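I have a structure here, written as structure tokens, and I will follow up with some questions on it.
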Amino acid sequence: EDSGENIESFYAEITSIENVEEQSLVGTFLKRNIHAITLSQSGEQIFYLTGTIGDTVGTIANPNGKQSSKVFFSPLSEWTLQWTSGNTIAFTTKPSAATLGYLYFFNKSSKVFEKVIGGKNGLTTLVSPDKQSSLYSENVRNSITFGVLDIGAEEETTLPVTTLPEKCVWSINEEYVVYCAVPDSMMGREYPDRWYQGLVSFSDSIWKINTKTGTADMIIEPGREVGLEMDIITMMLTNDEKYLLFINKKDSILWSLRLGEMLPTSNN
């Protein structure tokens, strides 16, 4: 809210209007002060966290907030969430270069909370849709290490580029493949803190990476192609993977990438 006292979350559906090209946005406000939320892969449910330090509650509900059920309780409140596949929700402690981070899997049916990886400073993650692998980054002696964890084998492999999992998206159609925005430079200390705080901004290029073979191919350099530096976040793929969607953190404009051609979807 404008007062800064409450967090408002809104659920909306885009509905078509008969004989009219324009569409309407119809929705409702969810429960106040949701501080983390994730959508199931099917799009049929959401999981969100509310509460304060020492009393965090996790709730399953329909996307509009109805038919809610409390399924998780924790004394810790600083979590990021990712609904991977089926009943599994990934919990990662919010990262800081000075703090050890951990990744857990929570099964919403059995209520089992299982540690996957931990003891890494500044840990951030992005679990694959089949939950067999996870991208991770950690702060090692004031520099970022970027790699992939084979969850079943408990093996870590450093990847040939340096970035943050928040700048990546897993392919659904190509096994082991991720698309990542890779900064030209990540020199300096206290990552990811300084980037989260907006004290530093990156200039990214977009790469396609095979986490199995360790190969990486650059797709496009926005600065060269469109004359605009981009600090890329919130990567998404369309179902046919012909379009890569993302937001430029510098100005919050949404972009799409198609067959090597970068096209803005918004001018404001």
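The values are calculated or read from the model by the stated rules, or taken from the named source; none is laboratory data. Because the structure is predicted, anything quoted here is derived from the model rather than measured. Glycine gets a Cβ as well: all are built from the backbone with ideal geometry, and neighbour counts include every protein chain shown. SASA here: full protein model, heavy atoms, side chains in, ligands and nucleic acids out. Shrake-Rupley method; radii C 1.70, N 1.55, O 1.52, S 1.80 Å.
I'd like the Karplus ³J(HN,Hα) series for the range 189-194: coefficients 6.51, -1.76, 1.60, θ = phi - 60°, whole numbers in Hz, and an x wherever there's a Gly or Pro.
10, 6, 8, x, 3, 5
Then there is this: What residue among Val20, Val161, Val178 shows peak mean-square fluctuation when the chain is described by a Gaussian network model with Cα springs under 10 Å?
Of Val20, Val161, Val178, the most mobile in the Gaussian network model is Val20.
Tally Lys and Arg at +1 and Asp and Glu at -1 over the other residues with C-beta under 15 Å from the C-beta of Val178: what net charge comes out?
It works out to a net charge of -4.
Still on this structure, I have one more. Can you count the Lys pairs in the range 1-115 with C-alpha separation below 14 Å, eight or more apart or on different chains?
For the range 1-115, qualifying lysine pairs total 4.
Now, a different point. If you scale each eigenvalue of the Cα gyration tensor by 5 and take the root, what three semi-axes come out for the range 150-257, rounded to whole angstrom and sorted largest first?
22, 19, 12
Roughly to the nearest percent, how much of the accessible area of the chain is carbon and sulfur, given a 1.4 Å probe?
Carbon-and-sulfur percentage of accessible area, whole number: 47.
Counting only residues 5 or more places away or on other chains, whose amide H sits under 5 Å from the amide H of Ser128 once H atoms are built in the peptide plane?
Amide H to amide H, under 5 Å and 5 or more residues apart or across chains, Ser128 pairs with Ser133, Ser134, Leu135.
Let me ask something additional. Tell me, what is the per residue accessible area of the range 168-262 in Å², probe radius 1.4 Å?
Here the per-residue accessible area is 54 Å².
Could you estimate the translational diffusion coefficient of the chain from the Stokes-Einstein equation, with Rh from the Kirkwood formula over C-alpha pairs, at 4 °C and 1.567 mPa s, in whole µm²/s? Before the final figure, lay out each step's value.
Numbers: Rh = 19.9 Å.
Roughly 65 µm²/s, to the nearest whole number.
Once the dipole of the chain is set up with Lys and Arg at +1 and Asp and Glu at -1 on Cβ about the Cα centre, which of Phe105, Gln197, Ile7 lies farthest towards its positive end?
Phe105
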